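To start, the structure itself, in structure tokens.
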Amino acid sequence: MPPHINILFRARPPLEFLKPPPKSNCRNVEGIFDGNQDYLQKFEEGPPPERKLEETPKQRRERLWKESIVSNRERIGKMIRDWSPKHDSNIKGDPFKTLFVSKISFKTDPKVLKKEFEVYGPIKRVKMIHDIQSGKPKGYAFVEYEHLKDFKIAYKNSDGKKIEGKRVTVDCERGRTVEGWRPRRFGGGKGDSRRSRKSDRKVRELLKNTEGDLPLPNGRTERSRSRSRSREKEKHRERGYERRESNERRRKDKKEKG
């Protein structure tokens, strides 16, 4: 083995022996803590006081949530008593010829909406709803037709139509035509609410314990909810069939051109 490599494997010199440090003479600690006995006589005698249970953060959140649900229900009840669309002077037009269009893009202009729905017949009026304070659109509008037959055609065929990249939902005006109808802001409306099913169940149980047997928070029953689900499934299937047919047509066109 070469000497420059042999140096790498050579053992190191042994460590130098050092004597251990001397032990320190620690003094006895007895009698240092005896001074606390003078204060033991000042403590109270007898059983300890009752423990006051404070609410946990989880209990506090649940309490505030229940209070907000009950207060909102009382506030909505007062607003429902004052709400009367049949006698509102700001609402105009024939309710049996008026379509309710929701899920509209905030950038959609009333002229564009009118042009899209004029396919089914002449339109008398288009009313886009805006926020009173901010002036921004709320994403829904009312379209009134001149003839009842055009309204029926639009009601059957325009639901799910795409307008400026958003698929709108179409329904008839129910505020003045359906007795006992309530809009979404009063806990009514159609479709699923913004809350999850778990929170809906919790709200329903809370209201049942406080005010008796009540409907769902969105104003519907279990039967109506199942009907809406089946209707959505049928629409989804129809759209799937339409997409398949359009794809097949495109393939045939490509083959003919090729």
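The values are calculated or read from the model by the stated rules, or taken from the named source; none is laboratory data. As the structure is a computational prediction, the values presented were derived from the model and not from experiment. When we count neighbours, we look across all protein chains shown, and the Cβ atoms used for this are built from the backbone with ideal geometry, even at glycine. Surface accessibility is based on the protein's heavy atoms, side chains included, excluding ligands, DNA and RNA. Shrake-Rupley method; radii C 1.70, N 1.55, O 1.52, S 1.80 Å.
Assorted remarks:
- Residue count for the range 32-82 satisfying the condition of being open to solvent by 100 Å² or more (accessible area, probe 1.4 Å), not acidic (Asp, Glu) and not in a helix (DSSP H, G or I): 7.
- Test: residue in the range 96-103 that is touching a strand residue (DSSP E or B) at 6+ places or on another chain (Cβ under 9 Å) and in a helix (DSSP H, G or I): yes
- Filtering the range 104-118 to residues that are open to solvent by 20 Å² or more (accessible area, probe 1.4 Å) and either within 16 Å of Glu146 (Cα to Cα) or assigned to a helix (DSSP H, G or I) (or both) leaves Pro110, Lys111, Val112, Lys114, Lys115, Glu116, Glu118.
- Every condition in (1) closer than 20 Å to Arg182 by Cβ; (2) of a type outside the set (Lys, Arg); (3) modelled with pLDDT of 85 or more; (4) part of a loop (DSSP other than H, G, I, E, B) holds for Asn90 except the one numbered (3).
- Within the range 82-140, the set of residues being in contact (Cβ under 8 Å) with a residue 60 or more places away in the chain, more than 16 Å from Cys172 (Cα to Cα) and hydrophobic (A, V, I, L, M, F, W, C) comprises just one member, Trp83.
- Of all residues in the range 143-163 being open to solvent by 20 Å² or more (accessible area, probe 1.4 Å) and in a loop (DSSP other than H, G, I, E, B), the one that is nearest to Ile123 (Cα to Cα): Glu146
- Hits in the range 115-164 - residues which are of a type in the set (Gly, Ala, Ser) and under 19 Å from Asp94 (Cα atoms): Gly121, Ala141, Ala154
- As a summary of the residue check, Lys138 satisfies the conditions (1) basic (Lys, Arg); (2) more than 33 Å from the chain's Cα centre (by Cα); (3) not in a helix (DSSP H, G or I) except for the one numbered (2).
- Gly135 exposed (fewer than 13 other Cβ atoms within 10 Å of the Cβ) and not acidic (Asp, Glu): yes
- Residue in the range 168-178 that is within 31 Å of the chain's Cα centre (by Cα), modelled with pLDDT under 90, more than 23 Å from Glu242 (Cα to Cα) and open to solvent by 60 Å² or more (accessible area, probe 1.4 Å) present: no
- Flag for Phe96 being under 29 Å from the mean Cα position of the chain (by Cα), among the hydrophobic types (A, V, I, L, M, F, W, C) and open to solvent by 70 Å² or more (accessible area, probe 1.4 Å): no
- Pro85 passes every criterion in (1) open to solvent by 60 Å² or more (accessible area, probe 1.4 Å); (2) within 16 Å of Arg185 (Cβ to Cβ); (3) out of contact with any Asp or Glu (no Cβ under 8 Å at 6 or more places or on another chain) apart from (1).
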